[in-house]
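Q: Below are the structure tokens for one structure; questions will follow.
Just so it is clear, none of the values below were taken in a lab; they were calculated from the coordinates. What you see is a predicted model, and the numbers here were worked out from it, not measured in a lab. All Cβ positions, even for glycine, are placed from backbone atoms using ideal geometry, and neighbour counts span all protein chains on display.
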Amino acid sequence: MAVTATDPHRAIDAVWRIESARLIAGLARMVRDVGLAEELAQEALVAALERWPESGVPDNPGAWLMAAAKNRAIDLLRRRKLLERKHEEAGRDVEEAMDAPDLDSALDDQVGDDLLRLVFIACHPILSAEARVALTLRLLGGLTTEEIARAFLVPEATVAQRIVRAKRTLADARVPFEVPRGGELASRLASVLEVIYLVFNEGYSATAGDDWTRPELCQDALRLGRILAGLLPGEPEVHGLAALMEIQASRLRARIGPAGEPVLLLDQNRALWDQLLIQRGLAALDRAEKLGGARGPYALQAAIAACHARARTAAETDWPRIASLYEALIESAPSPIVELNRAVAVSMASGPAAGLALVDALLSERSLQGYHLLPSVRGDLLAKLGRQREARAEFERAASLTKNVRERGLLLERAAKCANGNSPAP
Amino acid sequence: MRFMVIVKANKDSEAGVLPDQEILAKMGKYNEELVKAGVMLAGEGLHASSKGARVRFQGNKRTVIDGPFAETKELVAGFWLWQVKSKQEAIEWLKRAPFDDGTEVEIRQVFETADFAASDPTGELRKQEDNLRRTIESQRR
């Protein structure tokens with residue numbers, strides 16, 4: 001039996017992924033500056049990269065990194081204070097300040113609180129959506145700038161810029177490192193959930209590029225969602241979002257055909273759905289509902305996803321229930337996109353004509369003008385009603401609007417099918 | 001990627017002796033950490049093999065063998081399913097587990113989408129292969 005020492009660089013990567021968020025969160029509480037905290041954590045990482053290949057990975061790598069980062073923080077603060085005050089007192093002050101919240105002896109609650117503060121600051125509304133996403137993946141997901149750039153198909157320099165600017169914005173605005181309370185919590189939490197779901201969706205149906213899905217990104221979002229559920233167990237919408245992502249992710253391997261083309265929900269081979277994730281999703285949805293959150297927008301979307309997950313075949317789908325869930329969703333979170341989805345559900349429950357009437361009511365909706373799914377849905381309903389020529393024009397229009405290569409292919413294929421036959425699809 | 005972390009049986013687990021309070025508490029805390037980090041998908045402990053059985057397949061014959069089974073160290077006593085980014089991450093997590101006394105715990109990667117489903121998402125290829133095999137067998141007879 002071979003006992004191999006693992007490659008220290010890979011071990012360090014893994015330790016970083018496990019420890020970085022806690023490390024940055026703990027440091028941010030001490031130095032009250034997320035940007036600085038991250039730099040200190042990075043410096044500790046560099047120290048580990050120098051030291052560990054020779055010394056081996058320490059037994060408690062997290063504590064090692066924290067100690068290394070803390071020493072740097074003390075040096076830095078001492079130097080800063082030196083500029084302002086006399087040597088001796090400054091040194092003592094800083095030592096005392098650093099000693100008080102000692103992470104080694106910190107309780108788990110403290111770590112949880114720190115992480116939660118980090119979540120809220122990374123998703124702070126003064127930052128742009130792109131900056132929130134980048135900062136969240138970087139600070140909480142433990143992703144490198146390069147990994148984030150690859151995931152979002154943008155140059156690494158762009159992501160680096162976004163992160164630098166975001167940190168500066170937070171520092172300039174003196175955003176406090178704290179968990180929002182009372183009424184503010186709800187709106188700030190909505191921003192956090194939005195960021196996580198944005199990451200998930202970019203992985204689930206990529207808005208650009210050659211691949212229809214990027215499962216890695218879905219996994220990153222899922223992990224963040226699961227972590228958040230652990231940090232805020234009493235918030236129903238946190239479980240609602242977790243449920244939604246678990247159930248949607250359960251279909252990841254069924255969403256792609258042999259040539260990498262998208263396979264739509266009703267055409268998917270349900271045997272490929274991941275039952276473990278479905279069970280986890282249903283359990284999370286149950287938690288959200290028991291906490292009184294059945295009408296929350298994420299819980300409602302999860303409930304819709306659960307309807308599909310529970311149906312053994314596409315034909316068994318409870319469309320009337322889905323249509324009524326969409327109606328509830330329009331009430332709690334009105335949006336033209338939800339209306340469009342409801343139209344699809346209504347068409348399945350009551351026929352394409354009923355659905356088309358709802359879709360047509362959306363044609364003048366300004367926010368849907370460039371949205372490819374509007375002509376795509378309309379094309380589908382027209383085709384079912386036997387209006388092939390109109391359907392074809394809609395599919396072609398939809399194809400011209402999507403930026404995803406795979407999806408464009410699928411839409412053009414449907415357009416071509418309309419051209420071939422004039423009979424309604426079965 | 002997903003890993004199954006397999007905990008092997010020992011004399012105690014095979015004798016149906018439950019771990020003491022202290023170990024249970026430590027393991028509970030460790031599990032909580034895994035859940036909070038978003039790593040744990042599932043995890044279960046198994047009863048002693050004396051409560052299990054094996055089925056042996058030979059041609060059309062199925063032989064049922066009741067537990068317990070002798071090779072204690074090769075038996076599975078429990079497992080976790082973890083979602084992590086690399087094998088190394090699974091290793092780093094496992095290193096934090098509160099085991100002792102020479103216990104060995106195995107990490108195995110679970111097959112996933114990228115491994116085969118992408119090339120055979122509908123199971124079409126496998127079905128074809130099965131058909132082919134059946135055809136060949138019938139020709140032999």
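Q: Among residues other than A:C418 whose Cβ falls under 15 Å from its Cβ, what is the net charge (Lys/Arg +1, Asp/Glu -1)?
A: Details: positive: A:R378, A:K384, A:R387, A:R389, A:R392, A:R397, A:R414, A:K417; negative: A:D380, A:E390, A:E394, A:E396, A:E413.
Every neighbour counted, the sum reads +3.
Q: Mind scanning A:K70/B:K29; A:K290/B:K85; B:K8/B:K87; B:K29/B:K51; A:K70/B:K85; A:K384/A:K417 and naming the pairs with a C-alpha gap bigger than 21 Å?
A: Too far apart for the 21 Å limit: A:K70/B:K29; A:K290/B:K85; B:K29/B:K51; A:K70/B:K85.
Q: Also: Determine the sum of side-chain charges near A:D33: Lys and Arg each +1, Asp and Glu each -1, restricted to other residues whose C-beta is under 12 angstrom from that of A:D33.
A: +3
Q: What number does the stretch B:2-110 give for Rg over Rh if you use C-alpha atoms and the Kirkwood radius?
A: 1.03
Q: Tell me the mean residue ellipticity at 222 nm calculated for the protein assembly as shown from its helices only (DSSP H runs of n ≥ 4, each -39500 (n - 2.57), averaged over every residue, nearest 500).
A: -20000 deg cm²/dmol
Q: Please average, across the residues of A:221-232, the number of beta carbons from any other chain that are within 10 Å of each residue's own beta carbon, and give a whole number.
A: What the average comes to for A:221-232 is 3.
Q: A further question on this structure: I'd like the mean, over residues of B:30-40, of how many other protein chain beta carbons sit within 10 Å of each residue's own Cβ.
A: That average works out to 4.
Q: Ok, one more. Nearest 10 degrees is fine. How inclined is helix A:319-332 to the longest principal axis of chain A, computing both from alpha carbons?
A: Approximately 50 degrees, to the nearest ten.
Q: May I ask you to order A:303-311, B:5-13, A:404-412 by the average number of other C-beta atoms within 10 Å around their residues, highest value first?
A: So the order, starting with the most tightly packed, is A:303-311, A:404-412, B:5-13.
Q: Putting +1 on Lys and Arg Cβ atoms and -1 on Asp and Glu Cβ atoms, find which of A:Q268, A:Q219, A:G379 reaches farthest to the positive end of the dipole of chain A.
A: A:G379
Q: Okay, moving on. Please compute the contact order of chain A in relative form: average sequence separation of alpha-carbon pairs under 8 Å and at least six residues apart, divided by the residue count, as a percent.
A: 10 percent
Q: Mind checking the stretch A:150-216 for GluC sites (Glu not before Pro) that DSSP puts in a loop (not H, G, I, E or B) and that have at most 15 other Cβ atoms within 10 Å?
A: A:E178
Q: If you add up the charges near A:L291, with Lys and Arg at +1 and Asp and Glu at -1, over every other residue whose beta carbon is less than 11 angstrom from its beta carbon, what do you get?
A: Working: positive: A:R287, A:K290; negative: A:E235, A:E237, A:D286, A:E289.
For residues surrounding A:L291, the net value is -2.
Q: Note down the relative contact order for the stretch A:197-316 as a percent, whole number, built from C-alpha pairs under 8 angstrom at least six residues apart.
A: Working: 176 pairs, mean separation 31.9, N = 120.
Relative contact order, the stretch A:197-316: 27 percent.
Q: A further question on this structure: Between 0 and 90 degrees, rounded to the nearest ten: what's the tilt of helix A:297-310 against the longest Cα principal axis of chain A?
A: That helix lies at roughly 60 degrees to the long axis.
Q: Quote the charge dipole size of the stretch A:267-426 about the Cα centre in Debye, to the nearest 20; the model charges only the Cβ of Lys and Arg (+1) and of Asp and Glu (-1).
A: Using Cβ point charges on Lys, Arg, Asp and Glu, the stretch A:267-426 gives about 280 debye.
Q: Which angle from 0 to 90°, rounded to the nearest 10, does the C-alpha axis of helix A:236-249 make with the longest principal axis of chain A?
A: Value to nearest ten degrees: 60.
Q: Another question, if that's okay. Can you list the residues of the stretch A:372-389 with backbone N under 20 Å from a point 7 Å past the Cα of A:A357, pointing along Cα to Cβ?
A: Answer for the stretch A:372-389: A:377-387.
Q: In addition: Across peptide A:250-260, what mean number of C-beta atoms from other chains lies inside 10 Å of a residue's C-beta?
A: 3
Q: Using only the Cα atoms of the protein assembly as shown, what semi-axes does the equivalent ellipsoid have when each is the square root of 5 times a gyration tensor eigenvalue? Give whole Å, largest first.
A: That gives 44, 36, 22 Å for the three semi-axes.
Q: Also, I was wondering about something else. How long are the semi-axes of the equivalent ellipsoid of the stretch A:186-317, defined as square roots of 5 times the Cα gyration tensor eigenvalues? Whole Å, largest first. Mind dumping the intermediate values first?
A: Numbers: eigenvalues 119, 64, 24 Å².
Equivalent ellipsoid of the stretch A:186-317: 24, 18, 11 Å, largest first.
Q: For the stretch A:242-326, what log10 I(q)/I(0) values come out of the Debye formula at q = 0.12, 0.14, 0.15 1/Å, with one point per alpha carbon and no solvent?
A: Treating every Cα as an identical point scatterer, log10 I(q)/I(0) equals -0.34, -0.46, -0.53.
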